[in-house]
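The next block holds one structure in the form of structure tokens; read it before the comments.
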Amino acid sequence: LDAEKDEDEEMDDETQALVDTLDGDDDSDSEEPASSDAFKTGQSVGKIPKSKKSAESKSKSGKPGVMYLGRLPHGFYEHELREYFSQFGAISKLRVVRNKKTGASRHRAFIEFDDAEVADIAARTMDKYLLFGHILAAKFVAPAQVHPNLFKGSNRRFKVIPWNKMAGKQLERALPESKWAAKVTKEEKRRAARAEKLKAIGYEFESPKLKAAEA
């Protein structure tokens, strides 16, 4: 099943390759030790470093720019990131990297600012900055590294999909007669093949009859 896949296989290949390049030797999936400074859902996201609040007054490149963030605090997701980093300048796109199956944050994000100079200033400012007990990894992403699907599905408030609940309801739902009959036929063929293999090594085995689909 897909759920058996490693988390690295849950991300599209291009984004995974980019994350690997930007992470380098850092293990951004590792959690920082819990501390009293940990971010709590609903609290203020705080202010950016004072010396960098003038980022918008710097010379403008006229082109958008992307920054990468790693080691994000737990609970610091789309809404919180936009609120915090928009203090540097206007944000056009934002994506939190999530596990496709569980929807859990992988503590990484990509932010596109309207201006590349702002993205560069934000990345240099926030790299190795202590934010709610987590030492951030922040890097400016070169335009050549920004692939077309990097922000696919961005700018949407994420809603966790209750996969386990949905699977449970599916199991509780009665199968129609045609599907049940097909499952019985498939299982009978599997058992017959197994019986033939056992017979070939001198072991006679008769499988119990399966319950037929009720009309």
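Every read-out reported here was derived from the displayed coordinates using simple, explicitly stated rules and does not represent laboratory data. Since the model is a prediction, treat every value here as computed from it, not as a measurement.
Between Asp12 and any residue 5 or more places off or on another chain, the built amide H atoms are never under 5 Å apart. Here the extension length gained between Lys199 and Lys179 equals 4.2 nm, from 0.36 nm per residue of separation less the Cα-Cα distance. Rounded to the nearest whole Hz, the Karplus-based 3J(HN,Hα) values (6.51 cos²θ - 1.76 cosθ + 1.60, θ = phi - 60°) of the stretch 60-76 follow the sequence 9, 8, x, 10, x, x, 10, 10, 10, 10, x, 6, 5, x, 4, x, 8, with x at glycine and proline. For the stretch 77-85, 3J(HN,Hα) computed residue by residue from phi via the Karplus equation (6.51, -1.76, 1.60; θ = phi - 60°) reads 10, 3, 4, 5, 5, 5, 5, 6, 7 Hz, glycine and proline entered as x. Measuring between alpha carbons in the structure, the pairs from Lys63/Lys128; Lys63/Lys93; Lys40/Lys128; Lys101/Lys179 lying more than 18 angstrom apart are Lys63/Lys128; Lys40/Lys128; Lys101/Lys179. Amide H to amide H, with H built 1.01 Å from N, His134 comes under 5 Å of no residue 5 or more places away or on another chain.
Computed from phi, the 3J(HN,Hα) profile of the stretch 100-110 under the Karplus parametrisation 6.51, -1.76, 1.60 (θ = phi - 60°) reads 5, 7, 8, x, 5, 5, 9, 6, 9, 7, 10 Hz, with x in place of Gly and Pro. Less than 5 angstrom separates the built amide H of Ala104 from those of Asn99, all sequence-distant by 5 or more or on a different chain.
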